[in-house]
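Novice: What follows is a structure written as structure tokens; I'll ask about it next.
The values are calculated or read from the model by the stated rules, or taken from the named source; none is laboratory data. Remember, it's a predicted structure, so these values are computed and weren't measured experimentally. Every residue, glycine among them, receives a Cβ derived from its backbone with ideal geometry; neighbour counts consider all protein chains shown.
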Amino acid sequence: MDGIKLVNVSKSYEVKNQQLKVLDGIDLNISANKMTIILGRSGCGKTTLLRLVSGIEEVEKGEVRGVRLKRKAYVFQEDRLMPWLDVKRNITFGLKKKQINHKKIDEIIEMVGLEKFCSAYPSQLSGGMKQRVSIARAFAYNPEFIMMDEPFSALDFFTREQMQKELIKIHQKTRCAILFVTHSIDEALILGDKIVILEKGRIKSCYEMNEKKQERDLLDQKFVALKKQIIDDLRII
Ligand SMILES: Nc1ncnc2c1ncn2[C@@H]1O[C@H](COP(=O)(O)OP(=O)(O)O)[C@@H](O)[C@H]1O
Ligand SMILES: [Mg+2]
């Protein structure tokens, strides 16, 4: 699969008769097979960027290349499960009957550790489990490209850590392109192949990460130094 390319993408919203510039001249390559992280403070334009890339919203200026014909999935910050459907039906929701490969769906359910909960309903699940269902649903679609908007931000520390590990594993198996939004520097350092720092609608800096994900130790000198650098990048002067 080819990657996705943003060329000089800008977006403004009209608020109380005034133009509010939310994204300003974004150039970005989203590589196939890789996890690209958008890291930034609340309100810097991360969700807007995802909405433009997904096509939920139209760009005002510039171009998003290479995304239109791709099979895409979107994982929202809050789980968007159907309360009246059980776990398996939530995961296959949106797929046509003939698209459902039960063996593959069962594999995905196992990958996210929900095999014992296939017939449970969302109200019977914890927050982490619901988010797992959302992630399984995205992967069940066999996507070439997944967009994830702070999918773990409502989870406690340990559940979050476990979900990050699971995501790394699933990604290494499926090798689709992922555009992952977070405001957590640690999460970016754990997951990213590339970390893009967004500040007030502009790309402030960008880091390529070549270290093997299973071997990353955030307490290692190199990561501590990078974290300091990123904190500096994010600091508003
Ligand atoms: N539909 C909209 N109408 C007006 N302003 C919006 C709209 N969507 C987002 N914004 C504004 O754009 C800015 C960036 O929002 P958002 O992309 O959601 O940021 P983030 O996801 O980084 O927190 C915020 O100031 C927000 O209020
Ligand atoms: Mg957001």
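Novice: Select the strands (runs of 3 or more DSSP E) contained entirely in the stretch 2-42, then report the ones holding at least 2 residues which are more than 16 Å from ligand 2 (Cβ to nearest atom) and in contact with a Lys or Arg (Cβ under 7 Å, 6 or more places away or on another chain).
Specialist: 4-15, 18-30
Novice: When only residues in the stretch 132-141 that are over 15 Å from MET82 (Cβ atoms) and in contact with a helix residue (DSSP H, G or I) (Cβ under 8 Å, 6 or more places away or on another chain) count, which is nearest to ligand 1 (Cβ to nearest atom)?
Specialist: By that ranking, first place goes to ILE135.
Novice: Of ARG137, ARG175, which residue is surrounded by 19 or more Cβ atoms within 10 Å (Cβ to Cβ) and among the basic types (Lys, Arg)? Can you show your working first?
Specialist: Values: ARG175 fails: surrounded by 19 or more Cβ atoms within 10 Å (Cβ to Cβ).
Being surrounded by 19 or more Cβ atoms within 10 Å (Cβ to Cβ) and among the basic types (Lys, Arg) holds for just one of ARG137, ARG175, which is ARG137.
Novice: A further question on this structure: Restricting to the stretch 24-64, name every residue that is of a type in the set (A, V, I, L, M, F, W, C) and in contact with a helix residue (DSSP H, G or I) (Cβ under 6 Å, 6 or more places away or on another chain). Step through it out loud before you land on a result.
Specialist: Keep residues of the stretch 24-64 that are of a type in the set (A, V, I, L, M, F, W, C), which gives 26, 28, 30, 32, 35, 37-39, 44, 49-50, 52-53, 56, 59, 64.
Within the stretch 24-64, MET35, ILE37, ILE38, LEU39, VAL59, VAL64 meet the criteria.
Novice: Exactly one condition in (1) without any contact (Cβ under 8 Å) to a residue 24 or more places away in the chain; (2) under 30 Å from ASP2 (Cβ atoms); (3) not hydrophobic (A, V, I, L, M, F, W, C) is false for LYS173; which is it?
Specialist: LYS173 satisfies every listed condition except (1).
Novice: Quick check: is even one residue across the stretch 16-29 assigned by TED's automatic domain parsing to the domain that holds ILE190 and within 17 Å of MET148 (Cβ to Cβ)?
Specialist: Taking every residue of the stretch 16-29 in turn, at least one turns out to be assigned by TED's automatic domain parsing to the domain that holds ILE190 and within 17 Å of MET148 (Cβ to Cβ).
Novice: As an exercise: evaluate ILE230 against (1) touching a residue at least 24 places away in the same chain (Cβ under 8 Å); (2) under 19 Å from the mean Cα position of the chain (by Cα) and give the number of the one condition it does not meet.
Specialist: It is condition (2) that ILE230 fails.
Novice: Does ASP156 meet the test of being in the same structural domain as ARG51 (by TED's automatic domain parsing) and at pLDDT 95 or above?
Specialist: On the way: in the same structural domain as ARG51 (by TED's automatic domain parsing): yes; at pLDDT 95 or above: no.
Answer is no for this residue.
Novice: A further question follows. Within the stretch 94-105, does at least one residue satisfy the condition of being crowded, with 18+ Cβ neighbours inside 10 Å, modelled with pLDDT under 95 and touching an Asp or Glu at 6+ places or on another chain (Cβ under 9 Å)? Explain how you work it out, then say what you get.
Specialist: If we filter the stretch 94-105 for residues that are crowded, with 18+ Cβ neighbours inside 10 Å, which is where we start, we get 105.
Now restrict to residues that are modelled with pLDDT under 95: 105.
When the remaining residues are screened for being touching an Asp or Glu at 6+ places or on another chain (Cβ under 9 Å), the result is none.
Checked against the condition, which is being crowded, with 18+ Cβ neighbours inside 10 Å, modelled with pLDDT under 95 and touching an Asp or Glu at 6+ places or on another chain (Cβ under 9 Å), the stretch 94-105 yields no hits at all.
Novice: Collect the residues in the stretch 181-204 that are surrounded by fewer than 19 Cβ atoms within 10 Å (Cβ to Cβ), within 12 Å of ligand 1 (Cβ to nearest atom) and assigned to a strand (DSSP E or B), keeping them in residue-number order.
Specialist: Listed by number, the list holds a single entry, GLU199.
Novice: Just give me the residues in the stretch 117-144 being of a type in the set (Ser, Thr, Tyr) and modelled with pLDDT of 95 or more, in sequence order. Talk me through it step by step, then tell me what you get.
Specialist: Just the residues of the stretch 117-144 that are of a type in the set (Ser, Thr, Tyr), to begin with: 119, 121, 123, 126, 134, 141.
The answer is SER119, TYR121, SER123.
Novice: Moving on to the next point. Can you confirm whether GLY3 is within 10 Å of ligand 1 (Cβ to nearest atom), closer than 27 Å to ILE185 by Cβ and among the small types (Gly, Ala, Ser)? Full working, then the answer.
Specialist: Values: within 10 Å of ligand 1 (Cβ to nearest atom): no; closer than 27 Å to ILE185 by Cβ: yes; among the small types (Gly, Ala, Ser): yes.
So GLY3 does not fit the description; no.
Novice: To continue, here is another question. Give the residues of the stretch 93-129 that are β-branched (Val, Ile, Thr) and over 25 Å from GLN164 (Cβ atoms), sorted by residue number.
Specialist: Across the stretch 93-129, the qualifying residue is only ILE100.
Novice: Condition test on THR92, is it among the β-branched types (Val, Ile, Thr) and away from ligand 2 (no atom under 13 Å from the Cβ)? Break it down stepwise before answering.
Specialist: Values: among the β-branched types (Val, Ile, Thr): yes; away from ligand 2 (no atom under 13 Å from the Cβ): yes.
When the stated conditions are applied, THR92 passes them.
Novice: Could I ask something else about it? Considering (1) surrounded by fewer than 18 Cβ atoms within 10 Å (Cβ to Cβ); (2) within 16 Å of ligand 1 (Cβ to nearest atom); (3) among the hydrophobic types (A, V, I, L, M, F, W, C); (4) modelled with pLDDT of 95 or more, say which one MET147 fails and leave the rest.
Specialist: MET147 satisfies every listed condition except (1).
Novice: If you go through the stretch 53-73 one residue at a time, do you hit one that is away from ligand 2 (no atom under 16 Å from the Cβ), within 26 Å of PHE152 (Cα to Cα), among the small types (Gly, Ala, Ser) and assigned to a loop (DSSP other than H, G, I, E, B)?
Specialist: Yes, the conditions are met somewhere in the stretch 53-73.
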